[in-house]
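Please read the structure below before turning to the comments.
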Amino acid sequence: MRPGGGPAWRPWALQAVMLAVVLVLGARLVQVQVFRHGELRAQADRQWKRPAELAAARGNLYDRWGRPLALSVTTWRVGVAAGSADRAGELSRLLAPALKTSRRALRGRIRQAERSHVVLAQEAILSPAQLCSLRLEPAVTLEERFTREYPLGGVGASLLGFHRPDGQQGEVATGLEQSLAGHLDGRPGEAWRLETALPGRSLGQIVLRPPRHGHNLVLSIDADLQAICEDQLARAVQRYAARGGSVLIADPATGDVLAAASWPLLADRDRRGADHAVWNNSNFTTLYEPGSVFKLFTAASLLAHGAIDTATTYDCSDGDLGNFTIHNSESEAYGPLSFMPAFARSINVYFARAVGNLDDVEFYRDLLEFGFGQRTSLPYAAQPTGLLSEPAQWSGRTKATLAIGQEIAVTPLQVVLAACAVANGGILYAPRLVLEIRSHDEQPIETCPPVPLHRVLSEPLSRLLRLAMRRVVTEGTGHGADLTWISLGGKTGTAQKCTGGQGYLPGKYVASFLGLVPSDVPRLVILTILDEPPYPYHYGAESAVPLFASVVGEIRRTTSWLTDVGDEAGTRVIARGDGPRTVVPDVLYLAASKAEEEIRRAGLNMSGGGKEGWIVTQVPAGGAVCRPGETVRVAVAAQADAAVRSAALCPDLQGLSNRAVLSLAASLGVPVSVSGAGYVVAQRPAAGTPLGAEGIRVRMVAAWP
């Protein structure tokens, strides 16, 4: 024994026990901290950490003036934590005002959940004060979400489309909401939500990656024009008992799509009907045969290549073209006509005959240059390319039927973009729908300028075509669009519908009108279409033209696009008193006998000149409006004498060939000085001024530049 008591081995035993305990604890610590670290860490994470997705806000859509079209609104998924049934009354009093529901209903749902978490609202909109008070209650769970709202309701529904969550597919979108998703979609963030053992008590969250919100987009759309088009389209479809229709407006100076209305329309976005056609905008996705509207582009090709000039005349009574026959509307016989009256009256035989002077490849390439047979760059899904076969696939009559808008299928957008080139002086623009890209906090990121593609027409030729479209309204098939306060131009179309393999469908037509507003310096290009209106409204002049006129009238009345149009803007305003009026036909360069026939058909009288020769002046001019029975005074050039020279005014020679200029000058008895060869692009003296002894000087080019 050790002195002082106790065996000597006891301290050693105690130290050994303590060492063993330390070794065991150390081994356990190594096991936990090293060998089972990952397993236990994962188990702990499962107990108090929950992965959470941080929602990203979808970008907003605005119209060109900054008015909201589609907004991403912050909403909250509101619930109550498990084990809160004993506090159901207290929680229902807190939640009822915020969720806009009754306390009794909430109390019942919370009690029914018993020990489970219960979601009380999926998309609650909370004020800052409500949000603050709910966050102070540990039992209330809040999950931030974003909901799509459309402030204008159904206006522009088929254009904008929709975006909403779907239980099976995650998200569903149509229209621009789908095609612009690359800009609008954000990227969700990632976080850990830290939970505790206490029901509803959270320690907050750790953000691993913040969300990236989508970009806001300023569109080219004008919400007012869109509403006007939809309202007038709805009225027209009902008035003319049509199957459907569309109205498309573009800015010819930029290619901006300003409005795109398409039937059927959606009055209220709360509707969840089975008619999926309300989300399809036919202006961009539907193919149709354009009919006589297409003669505008046929005329451009004919005149550009010198296949005809404005004085070229064809017998429009004879539609026999050898192996096939072309008929005019109602099979009416018109006799000999030159380009301008044939275009104004939409004479099929004239264009079917004239296009025979064009090379197949030249005609085909011109149509491609206008954008036909090709998908546009507009960001809208399901756009077709259109149908335009290559010349190698043409039959013997294809070129003639193409000239009058058959054997080709186009979208309304393709037609409007091509017409914009006529309106703006000859430049084909890509369609523009997005003007500006902004960040989520409205900071500018990128401006999207207009995109000119290429020149398809010369300025003189585009000006001549606009004049031809003006005459359609003043004396031709588009006379229903002749408004007193503005000079309008356009082209009517009446196309029989066809289906693959079944040919043309009897009694099924598409009526259309393509208009320039105003005609001299166009600000707007408008295409109105009505699908399958019954007889007699199947003619474009009887349904699509009145629809166009009503759209233009509403634009003037309710927007600023045309408020300054009138005399101050250089447009011709025709003063009309009470009583019937008639349009004076343009008889310049017609034979005197034919001119007298045209004038008398209009209910007017003709005086001046004999029966032989060409009409070289007329007063009032073609397109003027006067009372029936009034007299049109003309001068007829039959021989070269001083009397004719002193009385004559210099005619408009734009577009005439060498032959036509020399023949006309000889009939007037004046000398002519020609620079170049081909077709007139400049003249002196100007059209309408007196002819002098020095005669006429003209400059010509081989073809329209």
Flagged in segment 524-541 as assigned to a loop (DSSP other than H, G, I, E, B) and touching a residue at least 40 places away in the same chain (Cβ under 8 Å), in numbering order, are GLU532, PRO533, PRO534, TYR537, HIS538, TYR539
A careful count of residues in segment 513-537 that are more than 20 Å from LEU417 (Cβ to Cβ) and either crowded, with 24+ Cβ neighbours inside 10 Å or within 17 Å of the chain's Cα centre (by Cα) (or both) gives 2
*asked:* Would you confirm, using the coordinates I've provided, whether ALA227 is closer than 17 Å to ALA56 by Cα and either modelled with pLDDT under 90 or assigned to a helix (DSSP H, G or I) (or both)?
replied: no
Any chance CYS316 is crowded, with 23+ Cβ neighbours inside 10 Å and at pLDDT 95 or above: no
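Does ARG397 satisfy being in the same structural domain as LYS491 (by TED's automatic domain parsing) and in contact with a Phe, Trp or Tyr (Cβ under 6 Å, 6 or more places away or on another chain)?
yes
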Restricting segment 686-700 to residues that are part of a loop (DSSP other than H, G, I, E, B), exposed (fewer than 12 other Cβ atoms within 10 Å of the Cβ) and not small (Gly, Ala, Ser), the one modelled with the highest pLDDT turns out to be GLU694
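Does segment 427-439 contain any residue that is more than 21 Å from the chain's Cα centre (by Cα), under 30 Å from ALA181 (Cβ atoms) and not aromatic (Phe, Trp, Tyr)?
yes
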Within segment 361-402, residues being touching a Ser or Thr at 6+ places or on another chain (Cβ under 8 Å), surrounded by 20 or more Cβ atoms within 10 Å (Cβ to Cβ) and under 26 Å from LEU321 (Cα atoms) number 4
Filtering helices (runs of 4 or more DSSP H) wholly in segment 334-380 for at least 3 residues that are acidic (Asp, Glu) and in contact (Cβ under 8 Å) with a residue 24 or more places away in the chain gives 360-369
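Condition check: assigned to a helix (DSSP H, G or I), at pLDDT below 80 and not small (Gly, Ala, Ser). Does GLU568 satisfy that?
Yes.
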I'd like to know if segment 502-510 contains one or more residues that are surrounded by 24 or more Cβ atoms within 10 Å (Cβ to Cβ) and either part of a strand (DSSP E or B) or touching a helix residue (DSSP H, G or I) at 6+ places or on another chain (Cβ under 7 Å) (or both). yes
Notebook entry, point to check: Does segment 483-500 contain at least one residue that is under 15 Å from VAL525 (Cα atoms), in the same structural domain as LEU514 (by TED's automatic domain parsing), hydrophobic (A, V, I, L, M, F, W, C) and not in a loop (DSSP other than H, G, I, E, B)?
Noted result: no
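The values are calculated or read from the model by the stated rules, or taken from the named source; none is laboratory data. Note that the coordinates shown come from a computational prediction; the quantities given were computed from them, not determined experimentally. Note that each Cβ is placed from the backbone with ideal geometry, even for glycine, and that neighbours are counted across all protein chains shown.
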